Amino acid sequence: MEHLKTVLKKQYIFIILLIFWAISMLISPFFRTVSTFSEIFIVAVPIVLIGFDLSVGSVASLSACLASVLLQHNQFLAIIIILTVGVVIGLINGIGVAKFKINPFIMTLGMMFIIDGVSSIIRPSPGGIIPDSLKNILLYRIGDFALTPFLIIIVTGLFGTYLLKKRALGRQIYAVGGDPKSAKMSGINVDKIKIIIFVLSSVFSAIAGIFIACRISSGNASAGASYLFDSFIVVFMGGTLVSGGVGEFSGTIAAALIIASLVNIIQFINISSWYHYIIKGVILVMVSGIQIYFLNKRRKLNE
Amino acid sequence: MNKEKLQQFCRNNLQVLVIFGGLLVVMAIGGIITPKFLAVNHIIDILYLNSILGILAIAQTLVILIGGIDMSLGSTYWLVIMLGAQFMKGEFLWGPMLICFLIGITIGFINGYCIAKLKIPFVVMTLAMMVIITGVLYVTTGGGGGGKSAEPLTQFSIQRILPIGDFRGIPVRMLIWILFTIGFSLILNHTTFGWKMRALGSNIKAGRFSGINIERVQIVTYTLSGFLAVSAGLLYLGQARTPYPIFQSGAGVGASITLNTIAAVVLGGTFFSGGNGGVGRTFLAVVFLSILYSVLNMIGLHEEWQVIFNGLIILLIVGSYSKMRSKT
């Protein structure tokens, strides 16, 4: 019984996801089809890949723009260039935060400005060509079932969980997130960890950008912008604490699926798609409010 | 002795001196490209166009001064413009204006309440507010574009006073920007509330121990930010008469102007002052940015380049400051 309780407590986000899907199926017959579920996985891929960093949306946009310009020439080289750009941006963010002690919020905000500007110079209006061969790989379907998006989510989830739980690096990330000072005292190279986190975040965003470009079949200077906000909600909803140091990758993935389903349901019940902005905003405030409430309660208990 | 004092002064006002230097350089470049650039009327025109940014930047300064940030500033501004035009329909003035002020103040109050009482992180709260307002704006007006500003409001916001000979006069809108700057500067320096805001900015814990009602200061500041967003919105509406519909691009409506206000505040030096910055410095920063953008436009570097410059300015200033601070 105790064990069941802890499982429930830890995996509550998956239970919410299942309840959410069940209700949706009752409301809308469309929701029961495989293609809808596939659509959800396709929408969720960019959300899963993007982490907590204000420049992520812009990196995804930039990568989508680069993809639409470069992919038609040489696919292999294009992907290498895009990933390199992702690494470089992450390095700049990381070095700024770790070595120059710039507040991460301001650092990534400044990067957001610069990258957005570069994206609109590369692609002033939406367009460009994404070769079918790459689209066929990234959006590969068997019948109605979108195989690659599904696999990407599973692999990302396993990779993230493995990295955070089984590797020393993962433990160190938790330590730095929880309390940088004690982490430093215990001999962790805090600067190095910070730089690695920013590089990872930026590279994942660049991959997400390639995926977005395939999905919308073009490049667009604001293609990734809305994912910034989605990633915020998802990370909080998935149980990663605002203050850092606590968080589960699996929770993040379940939350991403919930948000992707939400967008889908709003389309089905036939109300203006602008409502999802309102709903997402309210959800974010509620989720972080509830989290902070419990956090404070726990703190008081500890005292 | 005197030399030491001078050095002390320079050190304390380094940022202001740097902006002044930058302003002179940029104006010189503008003057070399076209001598007409330096004509008083032209400079006044540039400042007239940017007085909206100036008023919004005052709001951002207040919020940043108490250690927060308001990402929903630009969206509140656009919401008021679009709803105001729809309510006014070219004839009604006072009713719609009152409604607009109520909306803006309510938005600011909700921000402040959730941040102060529910302890939601300010970035999360105001970003969520930005997205909610974006949704509301499109659901209620479909992106705006309808309606028309009331004639008295239009007359008021494009009015110029004291024209002498060739000089076309000082725009009322610019005057309001200057008045707001002076007013808030007085409040920050000479009232108890202003001192409380500064105390909060320099050290939130010390502020609490010294008996300041932090929550109230936070709520009032965010509410003031909403009030200023409405003022700026109405002044813009007057000039635009019928606003163009806006197409949502980026993270939410008004994100770009919000980012411009943050650039101005960071440039002005309020971000690191620990309660020492102020609206006067931001005023200077907005003047510098307006002239800079105008010169950039002249040499053919348009909006996207201005965005890049904003980012570079923020990173350079913050980077050098943070490096200096970590050394001492």
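So the values come out like this:
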| item | result |
| --- | --- |
| Cα centroid separation, region A:97-157 to region B:48-76 (Å) | 30 |
| Contour excess over end-to-end distance, with Cα ends at B:N203 and B:I29 and 0.36 nm allotted per residue | 58.5 nm |
| Hz values of 3J(HN,Hα) by residue in region A:79-95 - Karplus curve (6.51, -1.76, 1.60), Gly and Pro given as x | 5, 4, 4, 4, 5, 4, 4, x, 4, 4, 4, x, 4, 4, 4, x, 5 |
| Integer Hz, Karplus 6.51/-1.76/1.60 couplings in order for region B:29-38, x for Gly and Pro | 4, x, x, 5, 5, 9, x, 4, 4, 8 |
| Calculated FRET efficiency for the pair B:F167/B:T192, C-beta based, R₀ 51 Å, to 0.05 | 0.80 |
| Pairwise label distance in nanometres, B:H302 with A:Q75, each label 7 Å out on the Cα-Cβ vector | 3.5 |
| Relative contact order (%) - criterion: Cα under 8 Å, at least six apart; region: region A:33-224 | 47 |
| Derived scalar couplings ³J(HN,Hα) [region A:112-128; Karplus, 6.51 cos²θ - 1.76 cosθ + 1.60; whole Hz; x for Gly, Pro] | 4, 3, 4, 5, 4, x, 4, 4, 6, 6, 5, 9, x, 10, x, x, x |
| Simple spin-label estimate for A:F159 and B:V40 in nanometres, 7 Å along Cα-Cβ | 6.4 |
| Prolate/oblate/rounded call for region B:40-168, Cα gyration tensor, a/c under 1.5 rounded | oblate |
| Under-5 Å amide H pairs with B:R160, H placed in peptide plane, nonlocal only | B:V172 |
| Filtered chymotrypsin sites (Phe, Trp or Tyr not before Pro), region A:185-227: DSSP coil and at most 12 other beta carbons within 10 Å | none |
| Global form of region A:119-227, assessed from the alpha-carbon gyration tensor, a/c cut-off 1.5 | oblate |
| A:A146 long-range amide H proximity, modeled H, under 5 Å | A:S38 |
| Proxy reagent accessibility, fewest Cβ within 10 Å first, across B:E215, B:E91 | B:E91, B:E215 |
| Counted charge near A:S120, where neighbours are those whose Cβ lies closer than 14 Å (Asp, Glu -1; Lys, Arg +1) | -2 |
| MRE, 222 nm, helices only [DSSP H, n ≥ 4, -39500 (n - 2.57), over chain B, to nearest 500] | -25500 deg cm²/dmol |
| Relative contact order (%) - criterion: Cα under 8 Å, at least six apart; region: region B:37-321 | 35 |
| Most mobile listed residue (B:S149, B:S256, B:S225) in chain B, GNM with C-alpha springs under 10 Å | B:S256 |
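Read-outs: derived from the displayed coordinates by stated rules, not from any lab. Fair warning: this is a prediction, and the values are worked out from it, not measured in the lab. Glycine also receives a Cβ, built like all others from the backbone with ideal geometry; neighbour counts cover every protein chain displayed.
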